[in-house]
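Visitor: A single structure is presented below for examination.
The values are calculated or read from the model by the stated rules, or taken from the named source; none is laboratory data. Every value quoted in this text rests on a predicted model; they were computed, and no experiment measured them. As a convention, Cβ positions derive from the backbone with ideal geometry for all residues, glycine included, and neighbour counts pool all protein chains shown.
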């Protein structure tokens, strides 16, 4: 019997490549989300330090110093808002990449299950052919013994 050959092996390889690419894209999106989260945390820490510094001002405090702290706080707040928007976009990108990776995995699994079914069918046909060959050998032996008995 000839060797098992899955006619859609090329499609299976393509599906695996697509799944790998989707997983790489998901990892990249997750990395970007983590970077945005880290930037947001750094801004929050910087803002907290600035608020503490503003509250800690004592003695003769000039209006220019208070305005400088306020200006810096406003800048930090604006940058935090921008980063929060980036986080929303990054989170949406992660979700889209996750859905794409799940779809790619499903499509690969479909072709793999088809391959497994075809291989099981191949094994069943091989088993039947082997059994038929064994039956033929058995019949030939039986006929040879019958001829031998009849010849005696």
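Conditions tested, residue by residue: (1) modelled with pLDDT of 95 or more; (2) under 30 Å from residue 2 (Cα atoms); (3) within 26 Å of the chain's Cα centre (by Cα).
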position	(1), (2), (3)
85	yes, no, yes
88	yes, no, yes
92	yes, no, yes
98	yes, no, yes
101	yes, no, yes
104	yes, no, yes
115	yes, yes, yes
123	yes, yes, no
150	no, no, no
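Visitor: Name every residue in region 35-61 that is exposed (fewer than 12 other Cβ atoms within 10 Å of the Cβ) and under 30 Å from residue 100 (Cα atoms), in order of residue number.
Guide: 38, 41
Visitor: Select from region 57-69 the residues that are part of a helix (DSSP H, G or I) and touching a residue at least 12 places away in the same chain (Cβ under 8 Å) and write down the one among them that is nearest to residue 108 (Cα to Cα).
Guide: Among those residues, the one meeting the criterion is 69.
Visitor: Would you confirm whether any residue within region 40-56 is part of a helix (DSSP H, G or I) and within 27 Å of the chain's Cα centre (by Cα)?
Guide: yes
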